[in-house]
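Please read the structure below before turning to the comments.
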Amino acid sequence: MRVVRPVWLLSAAVLIFAGLMLAGALRPALAATAPSEIKIGTLYASSGTFAVASQGQYQGLQYWAAAVNKDGGVFVKAFNKKIPVKVIAYDDQSSTSTATTLYNQLITQDKVDILIADFGSVLTSVAIPLAEEHHMLLIDPTGSGANFFTKKTDYLADVSIPSSAVWPVPLAKFVLAQKIKRVAIIYDSNDFDASQAETLKSVLAEGGVTPVYYNGVPTTESNYAVLLHTIAATHPDAVLEFGYAPNDIAFLRDLASSGLHFNMTFTIFPGQLSALITKNVGAKALAYTYTYPTPPLVRYTSVTLGATTDQFVKEYTAASKSAPNFLNAAGYNNGLIVQEMLALAPQFTQLDFHQALMDMSGKTTTLLGEFKINENGAQLGELLPVAQIVPEGEGNKFVVIYPDDKATGKAVYPAPQP
Amino acid sequence: MSLLEYALIGGILYGIFFALVGIGLNLIFGVMRIINLAHGQFVLLGGYGAYLLSARLNLNPILGVPLALLGAVVVAVPLYYAVVPRLQRSRDPEMLSFILFFGIAQMIDAILLAVFGADQRSLPQDALGAGSIAVLGQSFPDSWWVATAVSLLVIGGLFLYFTRTRLGFATRAIMANREEALSTGIDVQVVSAISFVIGIALAGIAGVFVPYMLGSISPDIGNELTTTSFAVIIIGSLGNPLGTVVGGLVFGVGTLFMQTFFPSWSNLVPYALLVIIVLIRPAGLLGRAVRVA
């Protein structure tokens, strides 16, 4: 027997169904299920050139994660609740090819919510295109290569170290203020060091100083004896070396044993890994060297987010049984920035995360200083002053000598003969 | 002119040291036809031995030289008998040794990392002399001269071993033709074992000076040392230990000349030289001389 249904009944059913669908579509945030944990993916290097720095950064992040989880997790505005964090980390062994595979794994297999790069420009460089391709915001702790930040992006934010395009500006201004005319610059041929050298050279040029020596060396360089002799032949007053920690160690040791003396010598890592460099180079050989002093050597007592530098040092030392270095502080700072980002982002999307960082920019101060990024993702805040390592008793102390408003003493220039 | 002289003298010193770094690898290949991919790691063991002597026992790191000899006996004898005879019974000992010693290299890396961590380690600057010595007006740190002097002594000793001792004659006979040496009654296994120990000892002795010549040691530089050693011995002559001296000199002088005049390209030198030598003289610079000897 044929059943005839009234047309109005069919129409009503369609309308009710459509209404239900529409209602569902209009309340995504309420309907979205909060995850049981926020997955933070990162890499570290247990071996290789960047191991010491990378592990320091990773330890700082782990310290932050343990601290927030102890407190019930991070507050995520998109879900209006606290959620624990889980750090998923793989060992890239300081290899860019391994890092590429592992970043890919974090994004596509582990499907992490937050992606944090490994230490430094070399290991960050391979993450940037991957993050862009997968529309993931890359939290870049210490990759400062100026060429990373040449175009507007929603998928990159340098959070814990100044971009190399601005980093050496105080150093260049100090050199100009000291009226040093003969400057030698030797740098490792990688994004981090080469862009620092390039920035320095251009700021010096604006002040009318053209380097008497300006050359790159391989990042693996470990023998500076002949290079120093070649530099000395140009009669510089200041010799500025841009390298990673192993380069700085080799450079400073070769300088100490060469019998050469320059009025000013600068390297980067005594200010970041002072214990490591002092252990390898010796306090005497480090005396009167200039460097960028980093927190905790530079202390921020007024912060808007997280612990002050002093509080961090105290709490980290208590928890880890060892005093933190800059990389520990940088790793902790990554966590802080992510924490605030999640607390501000109205939706749990990568674009909202980025917008939250932009909203924080210029209004946030952490233990590393003012957090200020531009639309290209470059860190323009957290500027590092210039310090000189000055003998004190059997050891040395760091004296901030530029800029004047941060200075704790005057530069000893020219450096006395050993 | 001063720059040229400095690079030349520095290159000679640096090259003689790198001859020592590479010579053990060449000896082992020449006698056993096996490729010791863990060579750089054995160099590192020597460096860490010297570090322990200095940092833990407060002794002069130069004592790492006899320690390397002792350590080589302890490490290399069991390693030889556990590995090498089996390798040589295989169809393709060269390829198998490649894989096997790669594994050993990874193990040593992991052990060094676990024991010493990833930190760079150095030796006291003044332990080998705090001053510098000038030759032709070009002054280099004492440590460079000590490293060169020890390298020359060790290489000279190896030369005397080859040319003045029965074991040395037997070693050369095996290097020339293993089967013929066996048929003449030479105990190939014993001679090979001794050569293996000497090869590892040479690597260990070189390691004592690595912190002075390369700034510091850390577990990650072993493979780079192996690669550089390969370049040095191929330039000289693969299978001819004394050819390594020539390879080292070419490498050292070439590298320091490039550092002086084109520093950005200095790490290209060993590999560019290697390619050129392989194309022009596949047997290496001293390849022919070996065969005749």
- Residue exposure sequence - A:T289, A:T96, A:T108 - by fewest surrounding Cβ within 10 Å: A:T108, A:T96, A:T289
- Query: Can you give the Rg to Rh ratio of the stretch A:230-357, both from alpha-carbon atoms, with Rh computed by the Kirkwood formula?
  - Reply: 1.13
- Note on the structure: Long-range alpha-carbon pairs in the stretch A:174-307, meaning those over 24 Å apart, account in percent for 29 percent
- Quarter of the surface of the C-alpha convex hull for the stretch A:294-364, i.e. direction-averaged projected area in nm², equals 5.1 nm²
- Note on the structure: Expressed in µm² per second, the diffusion coefficient of the stretch A:22-159 from the Stokes-Einstein equation, with Rh the Kirkwood radius over alpha carbon pairs, at 20 °C and 1.002 mPa s, is 135 µm²/s
- Note on the structure: Here the stretch A:222-236 yields Karplus 3J(HN,Hα) values (6.51, -1.76, 1.60; θ = phi - 60°; whole Hz; Gly and Pro given as x) of 9, 10, 10, 4, 6, 4, 5, 5, 5, 4, 4, 5, 8, 6, x
- Cα axis of helix A:191-206 to longest principal axis of chain A: angle in degrees, 0 to 90, nearest 10? 60 degrees
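For B:E224, what is the net charge nearby, where nearby means another residue's Cβ is under 13 Å from its Cβ and Lys, Arg count +1, Asp, Glu -1? Present the calculation step by step, with values, prior to reporting the outcome.
Numbers: positive: none; negative: A:E221, B:D109, B:D220.
For residues surrounding B:E224, the net value is -3.
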- Mean shadow area of the stretch B:144-256 over all directions, Cα convex hull, nm²: 7.6 nm²
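How about the stretch A:248-342: which trypsin sites (Lys or Arg not before Pro) there are in a DSSP loop, with at most 10 other Cβ atoms within 10 Å of their Cβ?
A:K321
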- Message: Please return the longest range in chain B lying between exposed loop sites, taking trypsin sites (Lys or Arg not before Pro), DSSP loop only, at most 14 other beta-carbon atoms within 10 Å, and leaving the sites out.
- Response: B:92-293
- Message: What are the ³J(HN,Hα) couplings of the stretch A:290-300, residue after residue, when phi is run through the Karplus curve with 6.51, -1.76, 1.60 and θ = phi - 60°? Round to Hz, x for glycine and proline.
- Response: 9, 7, 8, x, 10, x, x, 5, 9, 10, 9
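Can you list, largest first and rounded to whole Å, the semi-axes you get for the stretch A:80-234 by taking the square root of 5 times each eigenvalue of its Cα gyration tensor?
36, 18, 12
Given C-alpha coordinates of chain B, what is the ratio Rg to Rh with the Kirkwood estimate of Rh?
0.96
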- Please state the Cα pair-distance histogram of chain A with 20 angstrom bins from zero: what percent is in each bin? 26, 51, 16, 5, 2, 0
- Query: Taking the Cα centre of the stretch A:309-418 as the origin and placing charges on Cβ (Lys, Arg +1; Asp, Glu -1), which of A:S322, A:T309, A:M358 is farthest toward the positive end of the dipole?
  - Reply: A:S322
- Item | Under Karplus coefficients 6.51, -1.76 and 1.60, residue-wise ³J(HN,Hα) of the stretch B:12-28 in Hz, glycine/proline x | 5, 4, 4, x, 5, 4, 6, 5, 5, 4, x, 5, x, 4, 5, 4, 5
- Query: For the stretch B:1-57, what log10 I(q)/I(0) values come out of the Debye formula at q = 0.16, 0.19, 0.22, 0.27 1/Å, with one point per alpha carbon and no solvent?
  - Reply: -0.70, -0.80, -0.87, -0.99
- P(r) tail for the stretch B:140-203, what percent of Cα pairs lie past 14 Å? 63 percent
- Task: May I ask you to give the average projected area over all directions of the convex hull of the Cα atoms of the stretch A:183-260, in nm² rounded to one decimal?
- Result: 4.7 nm²
- If you project the alpha carbons of the stretch B:185-242 onto the principal axes, what extent comes out on each, in Å, largest first? 47, 23, 18
- Task: Please report A:S195, A:S258 as a ranked list, fewest other C-beta atoms within 10 angstrom at the top and most at the bottom.
- Result: A:S258, A:S195
- Message: Less than 13 Å Cβ to Cβ from A:P218, Lys/Arg counted +1 and Asp/Glu -1: what total charge do the surrounding residues give?
- Response: -4
- Spelling it out for A:Y300: with amide H atoms placed in the peptide plane at 1.01 Å from N, the residues 5 or more places away or on another chain with amide H under 5 Å from its amide H are A:T309, A:D310
- Note: the stretch B:90-194 at 20 °C, 1.002 mPa s; Kirkwood Rh on alpha carbon pairs; Stokes-Einstein D in µm²/s works out to 117 µm²/s
- Note on the structure: Taking Lys and Arg as +1 and Asp and Glu as -1, residues besides A:H235 with C-beta under 12 Å from its C-beta add up to +1
- Semi-axes of the stretch A:303-418 from the Cα gyration tensor (sqrt of 5 times each eigenvalue, largest first, whole Å) come to 34, 19, 10
- Flagged as over-length at 26 Å C-alpha distance, from A:K279/A:K314; A:K179/A:K279; A:K152/A:K363; A:K201/A:K406, the pairs are A:K179/A:K279
- Query: Across 5 Å bins from 0, what is the distribution of all Cα-Cα pair distances for the stretch B:64-121, in whole percents?
  - Reply: 4, 16, 16, 21, 21, 12, 7, 3, 0
- Message: Taking the 0 to 90 degree range and rounding to the nearest ten, how far is the long axis of helix A:245-258 tilted relative to the main principal axis of chain A, both from C-alpha atoms?
- Response: 0 degrees
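Rounded if a/c is under 1.5, else prolate if a/b beats b/c, else oblate: with a ≥ b ≥ c from the C-alpha gyration tensor eigenvalues square-rooted, which is the stretch A:100-175?
Prolate, since a/c reaches 1.5 and a/b exceeds b/c.
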- Task: For the protein assembly as shown, give the share of DSSP beta bridges that are antiparallel, in percent and rounded to the nearest 5; count only bridges with both residues there.
- Result: 40 percent
- Let me know the Rg and Dmax you get for the stretch B:1-158 when you use only its Cα atoms, in Å. 18.1, 56
- Calculate the translational D of the stretch A:352-405 in whole µm² s⁻¹ from Stokes-Einstein, where the hydrodynamic radius comes from the Kirkwood formula applied to all Cα pairs, the temperature is 25 °C and the viscosity 0.890 mPa s. 183 µm²/s
- Using bins 20 angstrom wide from zero, how does P(r) for the protein assembly as shown break down, in % of all Cα pairs? 17, 44, 28, 9, 3, 1
- Item | Long-range HN-HN contacts of A:L240 with modeled amide H, under 5 Å | A:A184, A:I185, A:I186, A:F266
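Each value in this text was obtained by applying a stated rule to the coordinates, not by laboratory testing. Here the structure is a predicted model, which means the values were calculated and not measured. Glycine gets a Cβ as well: all are built from the backbone with ideal geometry, and neighbour counts include every protein chain shown.
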